[in-house]
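This report concerns only the one structure given below.
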């Protein structure tokens, strides 16, 4: 994983309201050039960090907050419980997420995590570190994964949004 540019680090800090921990790369940018999704290295300060894809876009975060507040996590979990095809697609997305996280580990990191017994939890847990793949935990995680690599729940969330970035002339990140 290449280190992030200082300008990206500053923008991401402004987007999330604090300095980001660990190494990351920008996985997706909006059409204005600002980070929307970052890919975070799975080991931060020597500890497992299960959130591989992090949604940083303040516009999308706010829109998804509204969906979560309106009960969409439970609605999508109910849909997931009844739709075998969706279950299969989400399971494949979880497996892909785990494999991506596993590929980012260096041999030295893997060795340390094997010695302390945390490697299995890191590479065996799904999107955002969730162990129950029938639960959704947070829609932001699924949207970040959809935008970077593909995720059926994230796709359904994005389909409900009026736009996938700020409107021209109202670019939130330009104020940073």
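The values are calculated or read from the model by the stated rules, or taken from the named source; none is laboratory data. None of these values were measured; they are calculated from a predicted model. Positions of Cβ are generated from backbone atoms using ideal geometry, with glycine treated the same way; all protein chains shown enter the neighbour counts.
I need the helices (runs of 4 or more DSSP H) fully contained in region 37-156, keeping only those with at least 1 residues that are touching a strand residue (DSSP E or B) at 6+ places or on another chain (Cβ under 7 Å) and over 30 Å from residue 176 (Cα atoms).
Working: elements: 58-69, 72-82, 84-104, 107-115, 119-124, 139-148.
Once the helices (runs of 4 or more DSSP H) in region 37-156 are filtered for at least 1 residues that are touching a strand residue (DSSP E or B) at 6+ places or on another chain (Cβ under 7 Å) and over 30 Å from residue 176 (Cα atoms), what remains is 107-115, 119-124.
Which one is nearest to residue 11 (Cα to Cα), of the residues in region 157-172 that are assigned to a helix (DSSP H, G or I) and in contact with a helix residue (DSSP H, G or I) (Cβ under 8 Å, 6 or more places away or on another chain)? Can you show your working first?
Taking region 157-172 first, the residues assigned to a helix (DSSP H, G or I) are 157-160, 172.
Going one step further and asking which of them are in contact with a helix residue (DSSP H, G or I) (Cβ under 8 Å, 6 or more places away or on another chain), we end up with 157-158, 160, 172.
On the way: 157: 25, 158: 23, 160: 27, 172: 11 Å.
The residue in question is 172.
Look at region 1-19 and say how many of its residues are within 14 Å of the chain's Cα centre (by Cα) and over 16 Å from residue 60 (Cα atoms).
Residues meeting the conditions: 0.
Could you grab me the full set of residues in region 129-151 that are crowded, with 20+ Cβ neighbours inside 10 Å and either modelled with pLDDT under 95 or under 15 Å from residue 76 (Cβ atoms) (or both)? Explain how you work it out, then say what you get.
Initially, region 129-151 is screened for residues crowded, with 20+ Cβ neighbours inside 10 Å, giving 136, 139-148, 151.
Matches in region 129-151: 136, 139, 140, 141, 142, 143, 145, 146, 151.
Pairs under 9 Å by beta carbon, first residue free of Cβ contacts under 8 Å to residues at least 60 places away in the same chain and on the phi < 0 side of the Ramachandran plot in region 16-42, partner assigned to a helix (DSSP H, G or I) and exposed (fewer than 15 other Cβ atoms within 10 Å of the Cβ), six or more apart or different chains?
Hits for this filter: 19/13; 20/13.
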